[in-house]
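Reading through the structure tokens given below for one structure.
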Amino acid sequence: MPLGLGRRKKASPLMEDEDVSERSALGISQTSSIPGGSISSIPPGLPPPAPALRPRLVFHAQLAHGSPTGRIEGFSNVKELYGKIAEAFNIPVGEVMFCTLNTHRLDMDKLLGGQIGLEDFIFAHVRGQKKELEVYKSEDSLGLTITDNGAGFPFIKRIKEGSIIHRTQLIGVGDMIEAINGKNLIGSRHFEVARILKELPRGRKFTLKLCEPLKAFEMIAPRSGFSGVGSGASPSGRGTLRLRSKGPPTVEQLVSVIEEKAVQKVDDLLESYMGIRDNELAGTMVELGMDKQNPDDFSQALDRALGDFAFPDEFVFDVWGAIGDAKAGRY
């Protein structure tokens, strides 16, 4: 049964240059890839349409602890998104820790990663109280799952119940890890932080420097009545804006259930093997493997695209198995 994952409708790059035509800005030939809309082909020789006629994606955002609503537009990656959020709310960009979609709560299942639904509302969580504490590593596993915001801030996504960290009762989900034993970790990726934690010697104390997200009083909630994206976005709202570390962002159709299940399995494997969760990374790995015929080709593709992670062979084999299960409809 064909999965169709490698034959996704061509995405339309988000373009802002004033000297490109509407056709090239939408990445289309005869009809628009934005659901619910269509554009006839432009005869050769005609000038491009006026800039005001070109669709522009606009998102709405609030600070998670409470604020007026701001308009966010004109970004092409996660770092630029944080910059636009900081600009909208007149705060330093380094204050933005991470974002959740459609909830102001610390819901780690709603983290903004590499994709934003065209109707998603963005809530930005900013720096709050700092804390520094000593932890005694009495077991090999600390019970932490690490992720990062895509812009150099590693933070805690999960704490295993009954683990060393859980028993301290002073460390929470969403806490940003600024330093371990005096080593500054701002700018580090999640897998680098997870590796440092794993390599800490058992039977010794270590120092964690953390910063928790700013919390509001329970009676103060973000303002209600917000809607999705403004005019200029997909009329049906059935697409997602995909942000890439390399290349322009693209508007894509929602992923299939089969692909979603495969990504979830690979994300679980990332947590099991490396102590991190990264839905965007898992999605990239699934995409790399969908058109490969054997694990050797898949391994080589991973080395070319994601060589910095130095994935162990047994992990690559398990990921290949998860992708194979998805292809066969076993999920």
TODO: Output ³J(HN,Hα) for the range 176-192: one whole-Hz value per residue in order, computed from phi by the Karplus curve 6.51 cos²θ - 1.76 cosθ + 1.60 with θ = phi - 60°, and x for Gly and Pro.
DONE: 7, 8, 8, 7, 10, 6, x, 7, 5, 10, 5, x, 8, 7, 4, 5, 5
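Mean separation of Cα pairs under 8 Å and 6+ residues apart, divided by the residue count of the range 58-213: what relative contact order is that in percent?
Across the range 58-213, relative contact order equals 23 percent.
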Open item on the list: Need the full-extension length gain, R105 to A310, defined as separation in residues times 0.36 nm minus the C-alpha distance. One decimal, nm.
Closed with: 70.4 nm
Task: Gained length - L133 relative to K327, 0.36 nm times residue gap less alpha-carbon distance - done: 65.2 nm
Open item on the list: How long are the semi-axes of the equivalent ellipsoid of the range 255-328, taking √(5λ) for every eigenvalue λ of the Cα gyration tensor, in whole Å from largest down?
Closed with: 16, 15, 11
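What number in nm² do you get for the range 130-174 if you take the convex hull of its Cα atoms and divide its surface by four?
About 3.5 nm², averaged over all directions.
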- [ ] Holding the Cα-Cα limit at 21 Å, pick out from K183/K215; K261/K292; K130/K183; K84/K183; K79/K130 the pairs that are longer than that.
- [x] K183/K215; K84/K183; K79/K130
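Computed from the coordinates by the stated procedures, all read-outs in this text should not be read as laboratory data. Here the structure is a predicted model, which is why all the values come from computation and not from measurement.
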